Amino acid sequence: MAAVATCGTGAGSTGSMVAAGSKNNVTSFQRRGPRASGSDSSYSRLVSIAGTRPSVRNGQLLVSTGLPALDQLLGGGLAVGTVLLIEEDKYNIYSSLLFKYFLAEGIINGHTLLVASAKEDPADILQELPAPLLDDNVKKDFDEDACNHKTAESNIKMKIAWRYQLLPKMEAGPVSSSRFGHYYDASKKMPQELIEASKWHGFFFPEKSSSTLNIEPCSLTHGYIKLLQFIQNTIYEEGFDGSNPQKKQKNILRIGIQNLGSPLWGDDICCTENGNSHSLTKFLYVLRGLLRTSLSACMITMPTHLIQNKAIISRVTNLSDTVVGLESFIGSERETNPLYKDYHGLIHIRQIPRLNNLIYDVSDVKDLAFKLKRKLFTIEYITKLTSYGMQGQKYLLSGHLHRKLAINRSHYFKELKILKKIY
Amino acid sequence: MFPELNNLLNTTPDRAEQGKLTLLCDANTDGSFLVHHFLSFYLKANCKVCFVALIQSFSHYNIVGQKLGVSLTVARECGQLVFLEGLKSSVDVFFRAQAEPHPLQFLREANAENLQPLYEFVREALKPVDDGDAAWRCPVLLVDDLSVLLSLGMGAVAVLDFIHYCRATVCWERKGNIVALVHDSGDTEEEENNILLNGLSHQSHLILRAEGLATGFCRDVHGQLRILWRTPSQPTTQRDRSLTYQYKIQDKSVSFFAKGMSPAVL
């Protein structure tokens, strides 16, 4: 058994960790590299799962979130076995779009989907998924953008703010044949045959709420208990936790949970301050345990702006692995702010996990904005500098740009760097 | 373990102190590197370690431990390490009724009063073995982290009681050490966490507090570490000794330097 062999090699081995027991540990937290024990076959099977790739930093298995720009900001992608929490924007427009991108990516890669919602029927959600962009269309769009920005950039010579020329410009990565992330056209729908060919499980809470519980009530709301049972059953029956070793091809389970914490799930943390304050956090903890012991990745969207008790938000953040917050400009004062006129909102990367490592990949830039431009959802980082004459506003920039530059008062710079990556 | 941190704390694995409670806390940053440090430190110091790992899986600690020079699988095999993997056990406890009391029993209960099953587990794990050959130095309890217990429905008083019982058994009776991590939420009004943090701060001999920089993110300086030595049992008129350093985390170690003396700046 692989477990015995690993223990025999001692502290110097860099092989994978295998559980010291009879059950083969199928978590994705296995190290890339030469194996000392005979688990090469299982490793090669893990790598060859469609739509995944090992992380550059620690060999962790990653899946794409559906947005290549977001993948790059998260250090390559979403790690299998972890939770990505999206803090919804105020009217739940862009977070539901990210949710659909996540599910669409799963269909394109052939992953199994588990869609849970208390608001919409999962079958309806799947009908609304965006269509993937084919390669030649994507290239045409990007060439157009590149032309537009080249003309803009050539006009702005950086005489005074010359340090900005050291900032990385648009990087065109190598285009690999087996695409990791895909681009989607938000104006078209996913073709019906692709949806029908995919394997998915839906959990629509109003339908399941009437069936009986076989776990005694333990301060979790009814909806959360049923959802956990459903997820655990799916993982167990489909063999994502390695319990069915005869399965010939391993696959990833993509779990998408929409509007978790909203009153539609039966939870009252969005309504009162002294509600059931442990239900959601207990749910997240047990979900984390389920994910760590199976080949699955989860995206949760949560209306954190509605949660009355702020302590819950920090607990939820600590219990999730990756946390991304969306802030849309609709209805806020920033909508009329000329600095943000090209964008639809800001995106905040609040937390990135350090998995199997002391360090993590974090981008230096913290000012990120997104926009939904024609068909594509793009994330760009904004570095803005205004003169002192503009209502006395001065912008402090992050990272190595910690200085205010005195510039010519008659004009202000606006510089856009595009973070689109074509893998 | 990080040699620079050992120098700052003035300890080595050979001369590890006994009977101490060390409190790790982090504010606006991730203080888990301190947990990895103490785990590898006590394993190298030949102590028997009971690790209650509630927030990450075994393989995570194992892979980082290998970078720091200890192998958790070997330690577990030969009995030096007793590892309670919270995430994996929680799935078992939650979905299947257990025959005997499980340390994470409170997950199934609506109003769990105390953490007694967890304390029993710790006491059992760190029981002195009358085996002449494998005599470990001193028992050590490591908890990562206590704030998760608050999220799972336990009150701050229940967690403080648990630590108190563990201190009585591990620190006083068996002359061992306890290391626990608590998150500090900063400005949010999280009363339970503040009660827990204040209560533990008054009981601990050594407080290591990792904070994010007040000026925000920086690539070369990841945070600031405050070290505070205390003597909780004897109130002294002298001020407790405290040091502040800034640090940068690298792949296999952490480098510490005085404030403003980052190598990137000099």
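Among residues of segment B:142-168 being within 14 Å of chain A (Cβ to nearest Cβ) and without any contact (Cβ under 8 Å) to a residue 40 or more places away in the chain, the one that is surrounded by the fewest Cβ atoms within 10 Å (Cβ to Cβ) is B:GLY155. Within segment B:223-252, the residues that satisfy the criterion of being in contact (Cβ under 8 Å) with a residue 40 or more places away in the chain, closer than 18 Å to A:VAL362 by Cα and within 20 Å of the chain's Cα centre (by Cα) are B:GLY223, B:ILE249, B:LYS252.
Restricted to strands (runs of 3 or more DSSP E) entirely inside segment A:249-362, those with at least 1 residues that are surrounded by fewer than 23 Cβ atoms within 10 Å (Cβ to Cβ) and touching a His at 6+ places or on another chain (Cβ under 9 Å) are A:322-328.
For first residues located in segment B:35-59 and more than 10 Å from chain A (Cβ to nearest Cβ), partners that are charged (D, E, K, R) and surrounded by 22 or more Cβ atoms within 10 Å (Cβ to Cβ) and lie 6+ apart or on another chain with Cβ distances below 8 Å form the pairs B:VAL35/B:ASP144; B:VAL35/B:ASP145; B:PHE51/B:ASP144; B:VAL52/B:ASP144; B:ALA53/B:ASP144. For segment A:84-113, filtered to residues that are assigned to a strand (DSSP E or B) and either free of Cβ contacts under 8 Å to residues at least 12 places away in the same chain or touching a Lys or Arg at 6+ places or on another chain (Cβ under 7 Å) (or both), the residue that is surrounded by the fewest Cβ atoms within 10 Å (Cβ to Cβ) is A:THR112. B:SER89 falls short on exactly one of the conditions (1) polar (S, T, N, Q); (2) under 20 Å from A:VAL83 (Cβ atoms); (3) crowded, with 21+ Cβ neighbours inside 10 Å, and that condition is (3). Considering only residues of segment A:326-359 that are within 30 Å of A:LEU62 (Cα to Cα) and among the small types (Gly, Ala, Ser), which is farthest from the other protein chains (Cβ to nearest Cβ)? For segment A:326-359, the residue satisfying everything is A:SER328. Among the residues of segment B:66-78, those that are under 16 Å from B:LEU142 (Cβ atoms) and surrounded by fewer than 21 Cβ atoms within 10 Å (Cβ to Cβ) comprise B:LEU68, B:ARG76.
Considering only residues that are more than 7 Å from every other protein chain (Cβ to nearest Cβ), out of contact with any Cys (no Cβ under 9 Å at 6 or more places or on another chain) and not in a helix (DSSP H, G or I), which ones fall in segment B:70-86? B:CYS78, B:GLY79, B:GLU85, listed by residue number. Picking from residues in segment B:104-141 that are within 14 Å of chain A (Cβ to nearest Cβ) and part of a loop (DSSP other than H, G, I, E, B), the one that is modelled with the highest pLDDT is B:LEU104.
The set of residues in segment B:226-262 that are touching a helix residue (DSSP H, G or I) at 6+ places or on another chain (Cβ under 8 Å) and within 18 Å of B:GLY31 (Cα to Cα) comprises B:ILE227, B:LEU243, B:TYR245, B:ILE249, B:ASP251, B:LYS252, B:SER253, B:VAL254, B:SER255, B:PHE256.
The residues of segment B:52-69 that are farther than 21 Å from A:GLY59 by Cβ and part of a loop (DSSP other than H, G, I, E, B), listed by number, are B:LEU54, B:ILE55. Quick check, is B:VAL265 surrounded by 14 or more Cβ atoms within 10 Å (Cβ to Cβ), touching a residue at least 12 places away in the same chain (Cβ under 8 Å) and within 14 Å of chain A (Cβ to nearest Cβ)? In short, no.
The values are calculated or read from the model by the stated rules, or taken from the named source; none is laboratory data. Because the structure is a prediction, the values reported are computed rather than measured. Cβ sites come from the backbone with ideal geometry, for glycine too, and all protein chains shown count toward neighbours.
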